Every structure is written in structure tokens, then in C-alpha cells.
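Enquirer: The structure follows.
The values are calculated or read from the model by the stated rules, or taken from the named source; none is laboratory data. Because the structure is a prediction, the values reported are computed rather than measured. Heads up, the Cβs are rebuilt from the backbone with ideal geometry, glycines too, and the neighbour counts pull from every protein chain shown.
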Ligand SMILES: C[S@@+](CC[C@H](N)C(=O)[O-])C[C@H]1O[C@@H](n2cnc3c(N)ncnc32)[C@H](O)[C@@H]1O
């Protein structure tokens, strides 16, 4: 007999449509990925990219739609000398002035700090993270790997996020989620820290976003 959880996975796989509305919209708008619309929704609701946001760190930036969105938002706000620095283990393919992207494992905090110092950045006005490890399909292992990876980025918020700065962090509502949220709140304060699931996120997905606004 097929295991119940396996049948759910098979149904989810059969109903999953990679070419959905947001995928088509991303193609039309020139964004590298549909994730841009999630950031857009978060930005519209929580005013992440306001006139004070000039320096942004993007964690897990490939293929580059958040880099594109951040750059566009800062252009709209007529920010002088904007700077976006993105990190990913895979290359991002966007070519935008003021957007710098590095093939760099975010877990190597020292290397990341060196790169930020090279840009003369001591503090960021916003840190956005859409990072996710490759999943292997075993929920418990995936959950542990995902939270552990996010945990390695906590020192970056401590070091680089300016007081009153903004943050957007993708996270999965798997075991370890509550603990991560409370660790993050301890670090940056609980004022203006909420979780939000954008409409552009598939209903069946456990993905949600921690937002500091
Ligand atoms: C959902 S994608 C990000 C999409 C991106 N925000 C965009 O809009 O184009 C998640 C990314 O996290 C990256 N990632 C996974 N582990 C990482 C690590 N240790 N350091 C940096 N990036 C990592 C993956 O390579 C992947 O490109």
C-alpha cells in the first residue's frame, strides 16, 4: 500500500505547474525569477525599500530577481549612490550598475566580511535573504539543513544590519522555525518583526518570510 505522505507528494507533483501565472509574469517583466513578486508584495505591505534604504545585502541572490527588484526600487526612490551586494554559491546573471554579485558561500562569514569591507560597507540599511539549500526530499533532514544554514547567517545581521534596518528572510515552517525566529528577535529586537506569506507563494508550500520593517 502506498504510504499516505507519499501519495500527498505524488498529488502535489502532479498538480505542480512550474509555468504558473507568476512564472509567466516574471518572463514578461524581465525578472529572472518569480520570487521578485514575493519581494514586491512584502515591500508593498511593509515598505522595505523606503528613502533611507541605500545599501542592501542580498543572501542567496542567484539567478538575480531580488537584485533586480532592489535596484529598481532604489531607482524609483531616487537614491544617490545605491549599493546592492549579493552572495550565492551559484552565479547570478544580472548586469546592473551598483549591483555587485559574488559567487561566495555565505557560511564563510570572514570572506563575506572582507567583501563588504572592500565596498566600504560597515552597516546595511536592509538585508534580504531568499536563500534555500537544495532539498533531498526527506523532510526532517531538509528542515535541519535549512535551519542550520540560516543560523550561520545570524552573525551577519548582528554585524551588518544597522539599528532600525530592514530585513526579509525566507524560512520554512518546519521544526526549528520558532527557535530561529526567537533567536533572530533576540538579536535585532522583537519590535516590527513579523512573519508573512505572500500570495505569490504556492498555497501548499511551507515557505514563509520573516520581515523586519
Ligand atoms: C530561491 S534561490 C534565490 C532566488 C533569488 N532571490 C532570485 O530572486 O533570483 C535560493 C538560492 O540560495 C542559494 N544558496 C544555497 N546555499 C547557499 C549558501 N551556502 N551560500 C549562498 N547561497 C546559497 C542557492 O544557490 C539558490 O540560488
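Enquirer: Which of the residues belonging to the stretch 148-180 are in a loop (DSSP other than H, G, I, E, B) and within 21 Å of residue 113 (Cβ to Cβ)? Lay out the reasoning, then the answer.
Expert: As a first pass, look at the stretch 148-180 and keep what is in a loop (DSSP other than H, G, I, E, B): 152-153, 173-176.
Once the filter is applied, which keeps residues that are in a loop (DSSP other than H, G, I, E, B) and within 21 Å of residue 113 (Cβ to Cβ), the stretch 148-180 yields 152, 153.
Enquirer: Which of the residues belonging to the stretch 119-147 are in a helix (DSSP H, G or I) and either buried (at least 16 other Cβ atoms within 10 Å of the Cβ) or at pLDDT 95 or above (or both)? Steps first, please.
Expert: From the stretch 119-147, those in a helix (DSSP H, G or I) are 139-147; that's our starting set.
Residues satisfying the conditions are 142, 143, 145, 146, 147.
Enquirer: I'd like to check something: does the stretch 59-73 contain any residue that is touching a helix residue (DSSP H, G or I) at 6+ places or on another chain (Cβ under 8 Å) and more than 13 Å from the ligand (Cβ to nearest atom)?
Expert: yes
Enquirer: Going by the structure shown, is residue 83 more than 13 Å from the ligand (Cβ to nearest atom) and either modelled with pLDDT under 95 or surrounded by 17 or more Cβ atoms within 10 Å (Cβ to Cβ) (or both)?
Expert: For residue 83, the condition - more than 13 Å from the ligand (Cβ to nearest atom) and either modelled with pLDDT under 95 or surrounded by 17 or more Cβ atoms within 10 Å (Cβ to Cβ) (or both) - is met.
Enquirer: Kindly check whether there is at least one residue in the stretch 107-115 that is free of Cβ contacts under 8 Å to residues at least 40 places away in the same chain and within 12 Å of the ligand (Cβ to nearest atom).
Expert: Looking only at the stretch 107-115, we keep the residues that are free of Cβ contacts under 8 Å to residues at least 40 places away in the same chain, and these are 108, 110-111, 114-115.
Subsequent filtering for residues that are within 12 Å of the ligand (Cβ to nearest atom) retains 108, 111.
Yes - at least one qualifying residue is present in the stretch 107-115.
Enquirer: On the basis of being at negative phi, under 14 Å from the mean Cα position of the chain (by Cα) and touching a residue at least 60 places away in the same chain (Cβ under 8 Å), does residue 197 make the cut?
Expert: Numbers: at negative phi: yes; under 14 Å from the mean Cα position of the chain (by Cα): yes; touching a residue at least 60 places away in the same chain (Cβ under 8 Å): no.
Considered against the rule, which asks whether it is at negative phi, under 14 Å from the mean Cα position of the chain (by Cα) and touching a residue at least 60 places away in the same chain (Cβ under 8 Å), residue 197 comes out as no.
Enquirer: Another question, then. Residue by residue through the stretch 98-115, note down the ones that are part of a loop (DSSP other than H, G, I, E, B) and on the phi < 0 side of the Ramachandran plot.
Expert: 104, 105, 106, 107, 108 - these are the residues of the stretch 98-115 that are part of a loop (DSSP other than H, G, I, E, B) and on the phi < 0 side of the Ramachandran plot.
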